[in-house]
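Everything on this sheet refers to the single structure shown next.
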Amino acid sequence: MRIGFLSYPMLFQRTGGLQVQVRETLAALRALGADAGFMNPWTQALTDFDVIHLFGAINGNERVVQACNDAGVPVVLSSVLGPPFTRTDARRARTAAALAGRLTGWASTTSYRQIMTALHGADRVVALGRRERDMLADGYDVPAERLRVIPNGVPERFFQAAPDLFRRVHGADRRFLITAASISPYKGQLRVVRALAGLDPDIDYVMFGRVAREDRGYLEQCLQEGRGRVRYLGELPYDDPMLPSAYAAADLLVLPSQSEVMPLCVLEAMACGTPAVMTAHHGMDVAPHPGRLAEVEPTDSDALRRAVAGLVNEHEPGRVISAAVAGYSWTAVARQVLDVYREVAVAGAAVSA
């Protein structure tokens, strides 16, 4: 069985959770002996593959689903849609889509309509957790029999992390919080900076991540309001050994984003033995647990401050935190993904016959 990976054209012009998911899934599949690789739409045809795995239900990817349908090639879609999106949201989106269509003589459509086209055209839709699955069923009306839940994994190097490299290079002899994510209002680093005011003055805040041009002012605001307690250490390649070492050296990971699909940095930090505070709006199945993981409403500053103060001062031993996410391996992920490929390939062959 030959498997082709596709997503939107500019996917790898930045680094984030989706990029990691695609690369790590592919590497794990190949390690199991699967004939999987990136499809080159300039030189290859969809019919060169037995299954297409498409990542993302946005950015025009509904056209890929339609092309697969026309070519008779089964398509597995990892939706990568972050909750919440309720039935009420869906009703509003349908109204807006209908209005846009009528106003333009049906020459224009909305992103909601494009997402619906992608989701309902796919043979199987993969969600990263139960919350995302339920959102796809309730908000987007995806039939339950087409939905599968397969989480992301954590590379083994995070379970083996030690703080020594980070401390040697960056001289981190003080306690600190960490956020490893793109620097932006969406991710909420400024909320963490402001939460510092209610913490021990010997606790600092370290930020890693890409800064888009439009968010440079936001970064400057974080640094200015941090008054010497905030450091920005640039963007780290995902395979840089400094990343797991930074997690291991930190006292707490904080990610008060507006929403997340499945924030890998939370799992990675916990694999390193570091507790985490994260947004309540996510699709991850790891449940909040005292001394290990807390969820907060991202706009609730008081709740964020309380959660950070509680976990940074009192949490479970690192080995216990790490053990809580030990089941998230990329090998296990790849085996589940292969099962879905086989399922749609068999169904497709039956239809052709």
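The values are calculated or read from the model by the stated rules, or taken from the named source; none is laboratory data. Just so you know, these numbers come straight off a predicted model, no measurement behind them. Virtual Cβ from ideal backbone geometry, glycine too; neighbours counted across all protein chains shown. Accessible surface is based on the protein model in full, side chains and every heavy atom, while ligands, DNA and RNA are left aside. Shrake-Rupley method; radii C 1.70, N 1.55, O 1.52, S 1.80 Å.
At-a-glance table
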{"item": "Breaking point among (1) open to solvent by 20 Å² or more (accessible area, probe 1.4 Å); (2) at pLDDT 95 or above, for V126", "result": "(1)"}
{"item": "Tally, over region 58-81, of residues that are under 14 Å from D134 (Cα atoms) and open to solvent by 30 Å² or more (accessible area, probe 1.4 Å)", "result": "1"}
{"item": "Residues of region 314-350 that turn out to be open to solvent by 70 Å² or more (accessible area, probe 1.4 Å) and in contact (Cβ under 8 Å) with a residue 24 or more places away in the chain, as a count", "result": "5"}
{"item": "Members of region 198-224 found to be in a loop (DSSP other than H, G, I, E, B) and surrounded by 15 or more Cβ atoms within 10 Å (Cβ to Cβ), listed by number", "result": "L199, G209, R210, V211"}
{"item": "Cβ-Cβ under 7 Å pairs, at least 6 apart or on other chains, region 1-29 side in contact (Cβ under 8 Å) with a residue 60 or more places away in the chain and open to solvent by less than 30 Å² (accessible area, probe 1.4 Å), far side among the polar types (S, T, N, Q) and outside any helix (DSSP H, G or I)", "result": "G16/S182; Q21/N152"}
{"item": "Those residues of region 140-162 which are farther than 16 Å from D239 by Cα and either in contact (Cβ under 8 Å) with a residue 60 or more places away in the chain or open to solvent by 40 Å² or more (accessible area, probe 1.4 Å) (or both), in sequence order", "result": "D141, P143, A144, E145, R146, R148, V149, I150, P151, N152"}
{"item": "Enumerated helices (runs of 4 or more DSSP H) restricted to region 1-119, each holding at least 3 residues that are closer than 30 Å to F208 by Cβ and out of contact with any Lys or Arg (no Cβ under 9 Å at 6 or more places or on another chain)", "result": "17-31"}
{"item": "Pick from region 243-271, criterion open to solvent by 20 Å² or more (accessible area, probe 1.4 Å), under 18 Å from G17 (Cα atoms) and not polar (S, T, N, Q), ranking: modelled with the highest pLDDT", "result": "E260"}
